[in-house]
Amino acid sequence: MHISQARRADLPDIAAFFNTAAAGKRLFSPITDHELASILNRDPTYGCKGLFLARDAGEVIGVTHAFRDRTHGFIAYLLALCHDNTKSLLAAAEAYLHPATTIAVGSPDTPLYHTVEGRFQPLWGSTEMLEVSAGDHRLIELLRQNGYRSIETHASLVLDLQMFSPPTTALPFQGEYLRGDDCWYNAYSWYKQSSAQEFGQRNRALRVMLLRNNEIVKGHIAWYPMRDGLTSALCDLEVAIPFRGRGLGKHLLHASLLQMAVEGFSKVELHTYPEHSAVANELYKNTGFTLDATWYVFEKCTRVK
């Protein structure tokens, strides 16, 4: 077994490996080399840099992708057919990331594969991150043995739309409904940001409901269809600070769920960080969302900052 830096020409082999090694992972569906290339193209700064392959007799048996900036390192995934290869991939990723002062596995800030560049469904995992699943005990054990510790706990919540019924006192939605390019081609101020700053690169399947005063957005909620075609990924709910505490978040959530049902979705999934989103998390629970999966962010301090 040997590990080497991947090239664009390796993408068909990597896609084929993903389709075998990741087949049992949550929300995974088969991927092509063209789809993988489109992910790498989200930020040409990275591309294949830090993408490492483990091969045995020419066959791919493991893949990892690491990213570094001046002081921080990120590992998107450690995917291998056997545990010993995972150890070797971790060592290769850490060597590449030297001299980063911290290395994170599963961080929401990981480029390309998560949601840094825009509202896209990751290859597997939750609607916002690939790793680290609470059920991946061997990976968790390996990370802990190598000096990593869990620093954040995230959650995937789901709702059966057939079980949702809005309160009888709910008011009809009084805002706007944007779809596709309309989410980017507008002159609204999204919390003192542009549309591109708020939503990132274009996912033309995005839907957004918003409430506004003239060009000033008071609050919005966004979602997109997941790959199964039946589930909607609720990816963004925000209310501007001056308008919080007035029930706008609940109004947007209920209106969006009704719209999703009209459009034929049967289930909704969202990713939440309960520690930082206590109010929103309580709203989701009161609406009927239930816990479906738990995720951890692991971090390792490599030297004194």
Original post:
Can you find even one residue in region 276-284 that is under 21 Å from F120 (Cβ atoms) and surrounded by fewer than 17 Cβ atoms within 10 Å (Cβ to Cβ)?
Top reply: yes
**OP:** All but one of (1) under 29 Å from R149 (Cβ atoms); (2) free of Cβ contacts under 8 Å to residues at least 24 places away in the same chain hold for V297, so report the exception by its number.
**Re:** (2)
Subject >> Residue identified as in a helix (DSSP H, G or I), modelled with pLDDT of 95 or more and either surrounded by 13 or more Cβ atoms within 10 Å (Cβ to Cβ) or among the acidic types (D, E) (or both) among D236, D182, D228 >> reply: D182
Original post:
Taking region 103-122 as the region of interest, how many residues are in contact with a helix residue (DSSP H, G or I) (Cβ under 7 Å, 6 or more places away or on another chain) and under 28 Å from R207 (Cβ atoms)?
Top reply: 4
**OP:** Out of Y77, Y46, report the one residue that is in a loop (DSSP other than H, G, I, E, B), in contact (Cβ under 8 Å) with a residue 40 or more places away in the chain and under 21 Å from the mean Cα position of the chain (by Cα).
**Re:** Y46
Original post:
Condition test on F52, is it farther than 17 Å from S107 by Cβ, in contact (Cβ under 8 Å) with a residue 24 or more places away in the chain, in a loop (DSSP other than H, G, I, E, B) and in the same structural domain as Q121 (by TED's automatic domain parsing)?
Top reply: no
Original post:
Among the residues of region 226-241, is any closer than 27 Å to V132 by Cβ and touching a Gly at 6+ places or on another chain (Cβ under 7 Å)?
Top reply: yes
**OP:** Can you confirm whether region 127-138 contains a residue that is over 21 Å from the mean Cα position of the chain (by Cα) and in contact (Cβ under 8 Å) with a residue 40 or more places away in the chain?
**Re:** yes
Subject >> Of residues in region 273-305 being polar (S, T, N, Q) and not in a helix (DSSP H, G or I), the one farthest from the chain's Cα centre (by Cα) >> reply: T302
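The values are calculated or read from the model by the stated rules, or taken from the named source; none is laboratory data. Owing to the predicted nature of the structure, the values given are computational and were not obtained by experimental measurement. Positions of Cβ are backbone-derived with ideal geometry, glycine not excepted, and every protein chain shown enters the neighbour counts.
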